[in-house]
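Take a look at the structure below.
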Amino acid sequence: MQVPAPFEYRRASSVEDAIALLVRHGPETRLVAGGHSLIPMMKLRLAAPELLVDINELTDLAFVTVAGDVLRIGALTRHAQLLESTVVGDVAPVLHDAERSIADAIVRNRGTVGGSVCQADPSEDLSGAFCALRAEAVIRGEHGTRTVPMREFFLGPYETAVAPAEVLVELRVPLWATGSAYVKVDRRAGDWAVAAAAAAVRITHGVITAAGLGLTAVGPFVAAEAEASLIGRPPTEETFAAAGRLAAQHCRPSADQRGPVDFKRHLAGELTVRALRRAAELSGAV
C-alpha cells in the first residue's frame, strides 16, 4: 500500500492568504491544485510536506486572455481550459500541440498549467513550449511581485525560481512568433516524452528574423545553439537540418528505460526539424 506521511491541510481563500500560510508554516509547506504530480510523490514518500495548502478556490488565477501583444495565462488554468481556448490556438498553436499530448482527459480536466511548470519535470510538455515562446513567469510573495523569464525559471530537475514563500500567479507569452509547433515521441499516448521539440519562428520577407527552440526530456529545455543558427536564414530544409544537427549535438540526454543516449540525440535532431517545418508552414511562409 502506498500511503503518504502524515500532513496538515489548509484551504487558501486568496493569493495573499496562501502566501501568509507559506510564510507562517515554512519551507515544508506545499501548494496543491490538481495534485497529479505531488500526490503520487507523497504516496511514494518522495515528498513529505508537513502542510498542504489547497488553492483550488483561487479562481481569479484561472484565465486565458490577450492583452495587447501578450497572451496571459493564469497559473490555475486547467489544461483542458487552455486546450479549448480558440485564442491560444490562433496565437500560440505550440501550446495546443503540447496540451494534446499531456496524459488523458481526466488529468487535463484537473491538472493546472502552473502546477505543471512548477513541478519542473525534465519530461514535462509545456515547459519546453514556454521556453521556445520566450514566456515570462509572474511570481508573487510577501514583498511584492517579480517577473522571471521562463528560460531562467527552471534551475534544475524539480527545482524552479519560485521561493518557498512565493506563488506563481501567471504566465505571459509575448506574441512575436508567426508560427509555432510541438512534436513529441512517447512510448504510448499521453506518456512522458522520450524526446520532444517545440519551435517558434518569426519569418519576415522570406527570412527567419526570430526563433525559439525548446527541447523536452533530453537535458536543458533551450536549444540555444540551434536557435542562433536560424537567424537570418531562409526557412528551408537545409536551414532546418543544420539546426537539427546542432540540437542533437548540444542536448544532454540520459540513458533510461525510454532509450539510450544516441537514440535520444537522434530524436532531438529529427524532432527539431519536424517542429521547425511545421512552425514555418503555420507562419504561411512556406
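The values are calculated or read from the model by the stated rules, or taken from the named source; none is laboratory data. Not measured: the values here are computed from a predicted model. For neighbour counting, all protein chains shown are included, and Cβ atoms are generated from backbone atoms with ideal geometry for every residue, glycine included. Heavy atoms of the whole protein, side chains included, go into the accessibility calculation; ligands, DNA and RNA do not. Shrake-Rupley method; radii C 1.70, N 1.55, O 1.52, S 1.80 Å.
Just give me the residues in segment 1-60 being among the β-branched types (V, I, T), modelled with pLDDT of 95 or more and either at positive phi or not in a helix (DSSP H, G or I) (or both), in sequence order.
Hits for segment 1-60 are T29, V32, V53, I55.
Just one of G115, G89 is under 28 Å from L21 (Cβ atoms) and either in a helix (DSSP H, G or I) or open to solvent by less than 10 Å² (accessible area, probe 1.4 Å) (or both); which is it? Before you say what the answer is, go through the steps one by one.
Working: G89 fails: under 28 Å from L21 (Cβ atoms).
Of the residues listed, the single one that is under 28 Å from L21 (Cβ atoms) and either in a helix (DSSP H, G or I) or open to solvent by less than 10 Å² (accessible area, probe 1.4 Å) (or both) is G115.
For segment 31-54, give me the residue count where each residue is out of contact with any Asp or Glu (no Cβ under 9 Å at 6 or more places or on another chain) and either among the hydrophobic types (A, V, I, L, M, F, W, C) or open to solvent by 40 Å² or more (accessible area, probe 1.4 Å) (or both).
Of the residues in that region, 11 qualify.
Kindly list the number of the only condition in (1) touching a strand residue (DSSP E or B) at 6+ places or on another chain (Cβ under 7 Å); (2) over 18 Å from L126 (Cβ atoms) that fails for M41.
(1)
For segment 1-30, which positions are surrounded by 14 or more Cβ atoms within 10 Å (Cβ to Cβ), touching a residue at least 40 places away in the same chain (Cβ under 8 Å) and not charged (D, E, K, R)?
Across segment 1-30, the qualifying residues are P4, F7, A12, V15, A18, I19, A20, L22, V23, T29.
For segment 138-250, give me every one of the strands (runs of 3 or more DSSP E) that falls completely inside it and has 1 or more residues that are without any contact (Cβ under 8 Å) to a residue 40 or more places away in the chain and open to solvent by 60 Å² or more (accessible area, probe 1.4 Å).
Details: elements: 144-149, 154-156, 166-174, 179-186, 193-204, 207-216.
Passing ranges, in order: 144-149, 154-156.
Of the residues in segment 64-85, how many are under 24 Å from D104 (Cβ atoms) and either of a type in the set (A, V, I, L, M, F, W, C) or free of Cβ contacts under 8 Å to residues at least 60 places away in the same chain (or both)?
13
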